[in-house]
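Working notes, structure below.
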Amino acid sequence: MEWRECRVEDIAAKTPNALATGPFGSSISARFFQGDGVPVIRGSNLSQDIGIRLIDAEWVYVSEQKAREFTRSIARHGDLIFTCWGTIDQVGLIDDLARYDEYVISNKQMKLTPDPSQADSLFLYYLFKSPKIRETILSQGIGSSVPGFNLGQLRGMQLRLPPLATQKAIAEILGVLDDKITLNHHMNRKLEELTAALFQSWFIDFDPVVAKREGRKPVGVPESALHLFPEHFEESKLGPIPQGQRVVKLTQNRRLRLLT
């Protein structure tokens, strides 16, 4: 299996604007943003984390008419997105999970449309996310206060690529692992949200006590735990609290009033 040396411009699609920057700053400034239309990919939609290909949140949009003014800056499925000012080692990918068919890259972004006969987009994404490539990008950063990485530097970057079939095989394996990690993170967030909601219901809103007081069976409380909740409230300095509980103060570093 032979890996070959190439430059980024060698694997770009043989179509106009396969390597391109975003529009000039003032032509896509905030005064053109609106509530819907064509989404604008900004730095906040990209990440340094390898498992996040595109942050699908906090979009701003420009009109369809405005987007047509930026033909060279339109990004579509399979395109890689790079930050050229600021956090220059951020890389994104518009993949099958992307919500929109087209995007406009902002004035601080660049895009690469790979030639599918030479390079697999997902493989390139993982390659650019690798510590070695990120270190190369950071070491080439220009500017002092705000790092920059321009289109010329991206064009001339040296890469080592395996045959296309091998690229696809590697990308598939990494993609499956990534998807599993993402699913686990999603499940953990859901469990955290469920735990917070349960705590709010049981110990802040006292829903089980309210239900028992009204002669209803508390929803979501197992039979073995029903006896833990009284059927009445009593008055306290904090207002009504479940019967049998009391108000105490925690006075080590700061004073907190707790229900116990």
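Summary table
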read-out: Distance cut-off 20 Å, percentage of C-alpha pairs in the range 103-243 lying past it; value: 69 percent
read-out: Mean ellipticity per residue at 222 nm, deg cm²/dmol - from DSSP H runs of n ≥ 4 across the chain, formula -39500 (n - 2.57); value: -8500 deg cm²/dmol
read-out: Calculated FRET value between Asp115 and Ile173, using beta carbons and R₀ = 22 Å, to 0.05; value: 0.45
read-out: Selection from Pro16, Gln65, His232, by position along the positive dipole direction of the chain (Cβ); value: His232
read-out: The chain: Cα Rg divided by the 2.2 N^0.38 Å rule of thumb; value: 1.47
read-out: Net charge dipole size for the range 4-180 [Lys, Arg +1 and Asp, Glu -1 on Cβ; Debye, nearest 20]; value: 480 debye
read-out: Placed amide H near Gly22: partners under 5 Å, 5+ positions off or other chain; value: Gln109
read-out: Backbone HN-Hα couplings from phi across the range 58-63 [Karplus 6.51/-1.76/1.60, Hz, Gly and Pro as x]; value: 6, 6, 10, 10, 10, 5
read-out: For the chain, built as a Gaussian network whose Cα springs stay under 10 Å, the top-fluctuating residue of Gln243, Gln48, Gln118; value: Gln243
read-out: Extension reserve of the Glu2-Phe33 stretch, reckoned as 0.36 nm per residue once the Cα distance is removed; value: 6.4 nm
read-out: Which of Phe82, Ser117, Val146, positive extreme of dipole for the range 69-176 (C-beta unit charges); value: Val146
read-out: Of Thr166, Ala30, Tyr126, farthest towards positive along the dipole that unit charges on Lys, Arg, Asp, Glu beta carbons give the range 4-180; value: Ala30
read-out: Glu192-Asp56 FRET efficiency (beta carbon distance; Förster radius 25 Å; 0.05 resolution); value: 0.80
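No lab work stands behind these numbers, since they all come straight from the coordinates. Quick caveat, the model's predicted, so the values are computed rather than measured. As a convention, Cβ positions derive from the backbone with ideal geometry for all residues, glycine included, and neighbour counts pool all protein chains shown.
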